[in-house]
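Asker: Let me give you the structure first, and then I'll get to my questions.
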Amino acid sequence: MEFSSKLLEKAVNEMSQLPGIGKRTALRLVLHLLKQPKEQTGFLAEALVNMRGDIKFCESCHNISDVAVCEICANHNRDHALICVVEDIRDVMAIENTRQFKGIYHVLGGKISPIDGVCPSQLKINSLVDKVRSGNIRELIFALSSTMEGDTTNFYIYRQIKDCDIITSTIARGISVGDELEFADEVTLGRSILQRVPFENSFKNN
């Protein structure tokens with residue numbers, strides 16, 4: 001792809017680094033920005049710089065937040081003895097949109113995947129185990145995607161806490177095997193949370 005401007009080329013190259021954005025799509029987006037008023041592009045640039053520089057991760061659940069403790073963890077009306085374990089913020093948003101879950105979350109930051117070089121020590125698993133061993137947790141809901149990596153991560157965590165006096169459950173399989181939570185419709189996802197099943201059953205029947 002030939003460019004008449006080095007500035008344009010650099011902008012396209014940077015934009016194409018985003019997931020799912022190829023060079024042609026990046027060029028279309030950059031040209032769109034060029035057609036907008038300069039201040040509009042400035043607002044976008046400022047928002048991105050501020051997000052990258054000022055965004056925080058909740059000290060309790062590791063969710064993305066503007067403050068040290070996210071709004072969900074700081075909400076005293078939530079059931080803090082009920083934790084839903086998810087991969088990332090997209091899953092928190094998907095479950096929150098169902099308005100069916102009243103507990104809190106624990107964001108792992110990924111799934112165990114040896115092929116991709118992701119091992120347990122790279123995820124927020126130790127802090128989750130510490131929460132469970134504190135004795136203040138009643139139930140842990142595994143809400144990772146129904147993939148090999150998701151099931152592996154669920155089972156790894158289960159092995160770490162199986163000697164604790166706690167209920168472990170997993171979302172019902174209204175979510176198709178291999179599907180990611182963020183793509184599930186709200187009704188199906190909400191029912192999967194409400195109709196969760198004991199985690200032991202999820203691997204004993206396999």
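The values are calculated or read from the model by the stated rules, or taken from the named source; none is laboratory data. Please read these numbers as outputs of a predicted model, since none were measured by experiment. All Cβ positions, glycine included, derive from the backbone under ideal geometry; neighbour counts span all protein chains shown.
Asker: Since Lys111 meets every condition but one in (1) closer than 16 Å to Asn136 by Cα; (2) crowded, with 21+ Cβ neighbours inside 10 Å; (3) basic (Lys, Arg), which condition does it not meet?
Answerer: (1)
Asker: Would you confirm, using the coordinates I've provided, whether Ala68 is outside any strand (DSSP E or B), over 13 Å from the mean Cα position of the chain (by Cα), small (Gly, Ala, Ser) and over 19 Å from Ile161 (Cα atoms)?
Answerer: yes
Asker: Then there is this: Among the candidates Ile95, Ile104, Ile175, which residue alone is at pLDDT 95 or above and crowded, with 18+ Cβ neighbours inside 10 Å?
Answerer: Ile104
Asker: Could you please find all residues in region 17-35 being outside any helix (DSSP H, G or I) and closer than 16 Å to Leu48 by Cβ?
Answerer: Gln17, Leu18, Pro19, Ile21
Asker: Would you pick out the residues in region 145-167 that are touching a helix residue (DSSP H, G or I) at 6+ places or on another chain (Cβ under 8 Å) and at pLDDT below 90?
Answerer: Within region 145-167, Ser145, Asp151 qualify.
Asker: Kindly provide the set of residues from region 44-65 that are part of a helix (DSSP H, G or I) and not basic (Lys, Arg), ordered by number.
Answerer: Across region 44-65, the qualifying residues are Leu44, Ala45, Glu46, Ala47, Leu48, Val49, Asn50, Met51, Gly53, Asp54.
Asker: Oh, and also: With the requirement that a residue be part of a helix (DSSP H, G or I) and either over 22 Å from Cys164 (Cα atoms) or in contact (Cβ under 8 Å) with a residue 40 or more places away in the chain (or both), what does region 109-131 give you?
Answerer: If the condition is that a residue be part of a helix (DSSP H, G or I) and either over 22 Å from Cys164 (Cα atoms) or in contact (Cβ under 8 Å) with a residue 40 or more places away in the chain (or both), then Pro114, Ile115, Asp116, Gln122, Ser127, Leu128, Lys131 are the ones that fit.
Asker: I've got another one for you. Among the residues of region 71-82, write down those that are surrounded by 15 or more Cβ atoms within 10 Å (Cβ to Cβ), part of a helix (DSSP H, G or I) and aliphatic (A, V, I, L, M).
Answerer: Of everything in region 71-82, just one residue is surrounded by 15 or more Cβ atoms within 10 Å (Cβ to Cβ), part of a helix (DSSP H, G or I) and aliphatic (A, V, I, L, M), namely Ile72.
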